[in-house]
1. Would you work out which of Leu161, Gly64, Gly7 lies farthest towards the positive end of the dipole of the chain, given +1 charges on the beta-carbon of Lys and Arg and -1 on that of Asp and Glu, about the Cα centre?
2. Students often forget the sequence filter, so: which lysines lie under 18 Å Cα-Cα from Lys128 once same-chain residues fewer than 8 apart are removed?
3. Using alpha carbons only, how many degrees (0 to 90, rounded to 10) separate the axis of helix 133-146 from the longest principal axis of the chain?
4. Rank by packing, highest mean first: peptides 112-118, 1-7, 11-17, 92-98, with packing defined as the count of other Cβ atoms within 10 Å averaged across residues.
5. Mind checking the angle between helix 50-62 and the chain's longest principal axis? C-alpha axes, 0 to 90 degrees, to the nearest 10.
6. Length gain on complete extension for the stretch Arg6 to Leu101, per 0.36 nm per residue less the alpha carbon to alpha carbon distance?
7. Run through every distinct alpha carbon pair of the chain and return the Kirkwood hydrodynamic radius in angstroms, one decimal place.
8. Between the stretch 11-31 and the stretch 142-165, what is the C-alpha centre distance in whole Å?
Amino acid sequence: NGTLVRGSTRGDGVVGEDVTENLSVIKDIPKQLLDAPEFLEVRGEVYMSRAVFAEINARRELEGKPLMANPRNAAAGSLRQLDPKICAERKLDIQVFNLQLAEGKTFQNHSETLDYMASQHFKVIPHKPLAKAEDIITEIARLGDERMAFPFDIDGAVIKLDSLPER
């Protein structure tokens, strides 16, 4: 009904850890949706920007504390903190990449689900619908060339079939 109830890590792929309190302090996670179905489940990637990571490590160095290894591990560890205040101080962010379930809503395409989530004020992963293989290859190369322009680290590109029925 549009209210954040639960958030979890991916865990072992079946059962994850409940991190609802920590997700509630991430400013880019909407806490109340306007056009919400009865039940909505989304998946996303919580991350720490490279700039925030550098700030935290600089502060830790001055304090004589061990440095964090990388932004991805720092984000995962921050999300699993027992104290939501620590999580809030670490300025985590999120990019949503998939609508798992929206009871009472139907979509024909993955791009429609991303547009819907964006309309609900979720921060949605950058995406571009493409049809031709050569356009896909060109886009992957562009992402590789411009990967450092993102405020977060990326492993690569994900290619998804847009038509949900064909999936």
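1. The one lying farthest along the dipole's positive direction is Gly64.
2. Counting by Cα, and skipping residues close in sequence, Lys128 has these lysines nearby: Lys160.
3. The two axes meet at around 20 degrees.
4. Packing order, densest peptide first, comes out as 92-98, 112-118, 1-7, 11-17.
5. Helix 50-62 and the main axis of the chain meet at about 10 degrees.
6. 32.8 nm
7. 17.7
8. Rounded to whole Å, the Cα centres lie 23 Å apart.
The values are calculated or read from the model by the stated rules, or taken from the named source; none is laboratory data. These numbers come from a predicted model, not from an experiment. Cβ coordinates were reconstructed from backbone atoms using ideal geometry, including for glycine residues, and neighbour counts include every protein chain displayed. In case anyone asks, the SASA skips ligands and DNA or RNA and just uses the protein heavy atoms, side chains included. Shrake-Rupley method; radii C 1.70, N 1.55, O 1.52, S 1.80 Å.
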